[in-house]
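Asker: One structure, as C-alpha cells, below. Some questions next.
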C-alpha cells in the first residue's frame, strides 16, 4: 500500500508511520479536521479472508474520500488512523476469527488526512458453515461515546 | 392443492388489490394454483411462517432472514430501484431540529414493523437514546403513528419512508421529517419456498418481462412498482449479513 500523498491532504498535517501486522509500513499524513458521519447513513464494506476490500457502498466512498477503484483490493487498514490503538484491531480480528460479532468505536483516516468516528460492527460472512469473508457496517456514534473511547484509547 | 402466498403486512393499503391482481397474473404465467392470504399484523404472519404454511412470501428484510436461513426459501426478485428507508418525524411546530436535541424520556410512536423500528432506533443512537431510556408506544398502523404525533401523545414517530410519503397531504402538512435513513441496501424481496422452488426460473422470467408488456405494466402500476429486478442468493445473503450487524445481540 502506497504512502499517503501530500498533494491529497487538506490542511496542515503531521507525519506518522504505521506498522501493520504483516510488518508492512505506511507513511500517513494526519490533520485535525473531522468529517462527521451524516445522519441516517450506513457505511458498509466487505473484505475477503485476508482483509482485502471486495465491496464498498457509496457512503464508504464518500466518507473515506477515496474512489471505489482506489479501495477495492486494498487492505482494510488503508483507513487505519494512528490514534487508534493496535489492541483494538487485535481484539477485532480475534473476535471475528472465532465467528463472533465485534462492536467498537473507531477513528478512521481519510485520504485527505482528516478523520471520522464511527460505531462499527464486524461480522464473519458464513456460508455452509465456512467463513468466506467479513462484513463491516458503521454508523454515527454519539459525542459522549466518542469522547469516552478517545479517553480510553489514550491509555492503551 | 394451492400454494400459499403472502405479503409483508407493511404494504401500502392502496396496493391491496394490486397484490391480488399480481397473484392472478402470476398463476396464469406459471400455471400453478396460488392462494394469496394477507395478514392484518406481523404476529399472525409470523405464526404462518413458523408453522411452515407459506410457499411464496414478499418479505421484509427481517422475515427474509428467518425464511432463508431457517426454512430454505430462495430469493426471486425485488422491486427495481426501491429500498427500505425510514423517517423519524416530528410535529411541524416541534422545537426539535436535530436528533441530538432529543432527550431521555422522549415518547416514540412506532409500528410493529421490525426493520423500520430497528433503522429508526439506530438513527437515535447519536443522541444516546435506546429502548431503555425512551417510552415506546406500538401502533397498529402508520396512520395511528401519525395520530399519536398529531395529538401530542408522542414526540417522534417512526415511519417507513414510502408510507410516510403516502400519508394524506393534510396529515403531512402537520408533520416534518427530522431524520431520514440513507441505507440503500435493505429491501423487501419475493422469496419462494422449497415446494415451489422448481418454478423460480419461470417466475423470474415472467416477472422480469412484466415492464415490457402492456398487461404486465398495468399489474406493476397497481403495485406502485416500475419493474422487478433479480435478486440472487448471494445478494440476499449479503443483506442478511447486513441485518445481522444491525440487530442487537
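Derivation of every value follows stated rules applied to the coordinates shown; laboratory data play no part. This structure is a prediction, so every number in the text was calculated from the model and none was measured. Reconstructed Cβ throughout: ideal geometry from the backbone, glycine too, with neighbour counts over all protein chains shown.
Asker: If you take the C-alpha gyration tensor of region A:25-107, multiply each eigenvalue by 5 and take the square root, what semi-axes do you get, largest first, in whole Å?
Answerer: 20, 17, 15
Asker: In addition: Can you give the Kirkwood hydrodynamic radius for chain A, in Å, rounded to one decimal and based on Cα pairs?
Answerer: Across chain A, the inverse of the average 1/r is 16.0 Å.
Asker: Give the percent of DSSP beta bridges with both residues in region B:86-180 that are antiparallel, rounded to the nearest 5.
Answerer: The antiparallel fraction comes to roughly 55 percent.
Asker: Pick out which of A:121, A:35, A:47 has the largest mean-square fluctuation in a Gaussian network model of chain A, springs linking Cα atoms closer than 10 Å.
Answerer: Of A:121, A:35, A:47, the Gaussian network model singles out A:35 as fluctuating most.
Asker: Any chance you could give the angle, 0 to 90 degrees and rounded to 10, that helix A:86-97 forms with the longest Cα principal axis of chain A?
Answerer: 20
Asker: Then there is this: How many percent of all Cα-Cα pairs in region A:100-143 sit more than 14 Å apart? The partial results should precede the final answer.
Answerer: Values: 532 of 946 pairs.
I get 56 percent for the Cα pairs in region A:100-143 exceeding 14 Å.
Asker: When a/c reaches 1.5 or more, the comparison of a/b and b/c decides; with that in mind, is region B:133-229 rounded, prolate or oblate per its Cα gyration tensor? The partial results should precede the final answer.
Answerer: Values: a/c = 3.03, a/b = 2.06, b/c = 1.47.
Because a/c hits 1.5 or more and a/b exceeds b/c, region B:133-229 counts as prolate.
Asker: Could you tell me how many degrees, from 0 to 90 and to the nearest 10, lie between the Cα long axis of helix B:114-123 and the main elongation axis, the longest principal axis, of the Cα atoms of chain B?
Answerer: That works out to roughly 40 degrees.
Asker: Follow-up. When the gyration tensor of region B:86-180 is built from Cα positions, what are the square roots of 5 times its three eigenvalues, in whole Å, from largest to smallest?
Answerer: Equivalent-ellipsoid dimensions as semi-axes: 18, 14, 12 Å.
Asker: By how many nm would the segment from residue A:67 to residue A:2 grow when fully extended, if each residue of separation counts as 0.36 nm and the alpha-carbon distance is taken off?
Answerer: Working it through step by step, the gained length comes to 21.9 nm.
Asker: Assuming a viscosity of 1.002 mPa s and a temperature of 20 °C, what translational diffusion coefficient in µm² per second does Stokes-Einstein assign to the protein assembly as shown, Rh being the Kirkwood radius over Cα pairs?
Answerer: Estimated via Stokes-Einstein, D reaches 93 µm²/s.
Asker: Using Cα atoms only, what is the angle between the long axis of helix A:143-154 and the major principal axis of chain A, expressed in degrees (0 to 90) to the nearest 10?
Answerer: Value to nearest ten degrees: 90.
Asker: Based on the Cβ-Cβ distance from residue B:50 to residue B:235, what FRET efficiency comes out when R0 is 25 Å, to the nearest 0.05? Provide the component values of the computation, followed by the final result.
Answerer: On the way: r = 25 Å, r/R0 = 1.01.
Step by step, r from the Cβ atoms, then E = 0.50.
Asker: OK, next. Can you give the translational diffusion coefficient of chain B in µm²/s, computed by Stokes-Einstein from the Kirkwood radius over Cα pairs at 4 °C and 1.567 mPa s?
Answerer: The estimated diffusion coefficient comes to 68 µm²/s.
Asker: Could you tell me the distance between the Cα centroids of region B:124-154 and region A:10-36, to the nearest Å?
Answerer: Cα centroid to Cα centroid, the span is 42 Å.
Asker: Separation of region B:162-219 and region B:54-69 by C-alpha centroid, Å?
Answerer: Using only Cα atoms to place each centre, the spacing works out to 14 Å.
Asker: If you don't mind, another one. Can you pull a Stokes-Einstein diffusion coefficient for region B:51-126 at 20 °C (1.002 mPa s), Rh from Kirkwood over Cα pairs, as a whole number of µm²/s? Show your work: numbers first, answer last.
Answerer: Values: Rh = 15.4 Å.
Result for D is 139 µm²/s.
Asker: Given labels modelled 7 Å from the Cα in the Cβ direction, how far is it in nm from residue A:128 to residue A:25?
Answerer: Those two pseudo-labels are separated by 4.4 nm.
Asker: Between residue B:103 and residue B:169, what FRET efficiency comes out of the Förster formula 1/(1 + (r/R0)^6) with R0 = 25 Å and r the beta carbon distance, rounded to 0.05?
Answerer: In this case the efficiency is close to 0.20.
Asker: OK, next. For region A:1-118, what proportion of DSSP beta bridges, expressed in % and rounded to the nearest 5, is antiparallel?
Answerer: In region A:1-118, approximately 95 percent of DSSP beta bridges are antiparallel ones.
Asker: Now a separate question. What FRET efficiency would be calculated for the residue pair residue B:17, residue B:94, taking the C-beta separation as r and a Förster radius of 30 Å, to the nearest 0.05?
Answerer: Details: r = 36 Å, r/R0 = 1.21.
Between residue B:17 and residue B:94 the formula returns 0.25.
Asker: Pairs of alpha-carbon atoms within less than 8 angstrom and 6+ residues apart define the contacts here; what relative contact order does region A:33-154 have, in percent? Don't jump to the answer; show the numbers that get you there.
Answerer: Numbers: 220 pairs, mean separation 36.7, N = 122.
30 percent.
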